[in-house]
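Colleague: Sharing a structure with you now.
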Amino acid sequence: MAHGAPDRVAGLALFELAAGVIGLVAVLVMGLPPAGTWWYIIASALLHLAYLGGLLASYQLGQFSQMYPLARGTSPWVVAVVSIVVLHQTLAVLELAGVLLVSAGLIALVFIGRPGRGQVPALFAAIGTGLMIASYTVVDGLAVHKMPVATYMGWVFMLQGFAVPLAVLLWRGPRAFDLPRAAILSGLAGGVVSMAAYGLVLWAQTRGTLAAIAALRETSIIFGAIIGAIFFHERFGPKRAAAAAVVVAGIILITTG
């Protein structure tokens with residue numbers, strides 16, 4: 001939805017507006033977070049804003065089917081390193097192998113396309129986006145053990161959700177969202193889908209190891225590559241299919257480990 005929007009900046013702002021409204025409802029229902037947990041909420045909201053900026057830059061500078069896998073593929077192995085070294089979480093050998101396979105397969109999806117020198121800024125933007133994903137994933141993984149998921153998600157998305165469209169309005173003026181009705185509805189629907197997906201991830205983080213959840217989350221890349229091929233007419237081909245098979249192998253190792 002974000003890549004196919006006629007105006008990607010406005011499209012992402014609409015995503016966030018919908019998420020902000022849902023977050024506000026959750027805040028009104030759940031109330032204030034526990035004392036001493038505000039830094040998790042603020043840190044996650046700021047990291048999400050940085051992630052959105054990197055994602056937008058990646059989409060504008062490079063191909064969706066290359067930049068999206070690189071951004072998402074950078075995250076799992078970074079989360080694995082942090083969770084093992086810093087958080088002292090343990091991973092079974094098969095789980096760790098699966099995390100590495102998932103990351104390797106996702107990153108391979110990028111370089112199979114042989115990005116040229118002109119793509120270097122896009123690659124850096126995608127890698128930076130991946131680091132932001134890893135950072136907020138770690139913060140989220142700690143936060144969901146300190147407060148209810150609905151409370152945390154509500155506050156994070158209320159803060160970032162209203163900040164993005166407000167910033168776009170200040171930047172572009174009142175005609176910032178002068179879009180076709182279909183594009184507006186698509187943007188708002190994207191925000192609802194994004195919130196649902198994120199809620200599932202946060203719930204999963206309360207029940208599994210951080211690195212394994214982070215890796216399984218990125219199975220969306222396979223669907224992203226297929227969407228890029230079908231809707232945006234970007235090449236998929238046998239090499240990318242092989243890279244996708246590597247990701248599936250990694251998923252199997254994680255779920256059996």
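Colleague: Looking at the structure I just gave you, is residue 13 in a helix (DSSP H, G or I), buried (at least 23 other Cβ atoms within 10 Å of the Cβ) and within 17 Å of the chain's Cα centre (by Cα)? Steps first, answer last, please.
Modeller: Working: in a helix (DSSP H, G or I): yes; buried (at least 23 other Cβ atoms within 10 Å of the Cβ): yes; within 17 Å of the chain's Cα centre (by Cα): yes.
Taking the combined requirement at face value, the residue satisfies it.
Colleague: Is one or more of the residues making up segment 92-112 open to solvent by 30 Å² or more (accessible area, probe 1.4 Å), in contact with a helix residue (DSSP H, G or I) (Cβ under 6 Å, 6 or more places away or on another chain), aliphatic (A, V, I, L, M) and not in a helix (DSSP H, G or I)?
Modeller: The answer is yes, given that some residue of segment 92-112 is open to solvent by 30 Å² or more (accessible area, probe 1.4 Å), in contact with a helix residue (DSSP H, G or I) (Cβ under 6 Å, 6 or more places away or on another chain), aliphatic (A, V, I, L, M) and not in a helix (DSSP H, G or I).
Colleague: Give me the pairs, please: first residue somewhere in segment 175-188 and under 18 Å from residue 21 (Cβ atoms) and among the polar types (S, T, N, Q), second residue anywhere and open to solvent by less than 50 Å² (accessible area, probe 1.4 Å) and part of a helix (DSSP H, G or I), beta-carbon distance under 9 Å, and either six or more positions apart or on two chains.
Modeller: 186/11; 186/14
Colleague: Could you list, in sequence order, all residues of segment 229-239 that are at pLDDT 75 or above and open to solvent by less than 40 Å² (accessible area, probe 1.4 Å)?
Modeller: 229 - this is the single residue of segment 229-239 that is at pLDDT 75 or above and open to solvent by less than 40 Å² (accessible area, probe 1.4 Å).
Colleague: Here's a follow-up. Quick check: is even one residue across segment 114-132 among the aliphatic types (A, V, I, L, M), touching a Phe, Trp or Tyr at 6+ places or on another chain (Cβ under 6 Å) and at pLDDT 75 or above?
Modeller: Here is the first cut: in segment 114-132, the ones among the aliphatic types (A, V, I, L, M) are 120, 122-123, 125-127, 131-132.
Narrowing the set further to residues that are touching a Phe, Trp or Tyr at 6+ places or on another chain (Cβ under 6 Å) leaves 132.
With at pLDDT 75 or above added as a condition, the list becomes 132.
Yes, because at least one residue in segment 114-132 is among the aliphatic types (A, V, I, L, M), touching a Phe, Trp or Tyr at 6+ places or on another chain (Cβ under 6 Å) and at pLDDT 75 or above.
The values are calculated or read from the model by the stated rules, or taken from the named source; none is laboratory data. Worth saying up front: this structure is predicted, and the values here are computed from it rather than measured. No Cβ is skipped: glycine too gets one built from the backbone with ideal geometry, and neighbour counts run over all protein chains shown. Remember, those area values only see protein heavy atoms, side chains included, never the ligands or the DNA or RNA. Shrake-Rupley method; radii C 1.70, N 1.55, O 1.52, S 1.80 Å.
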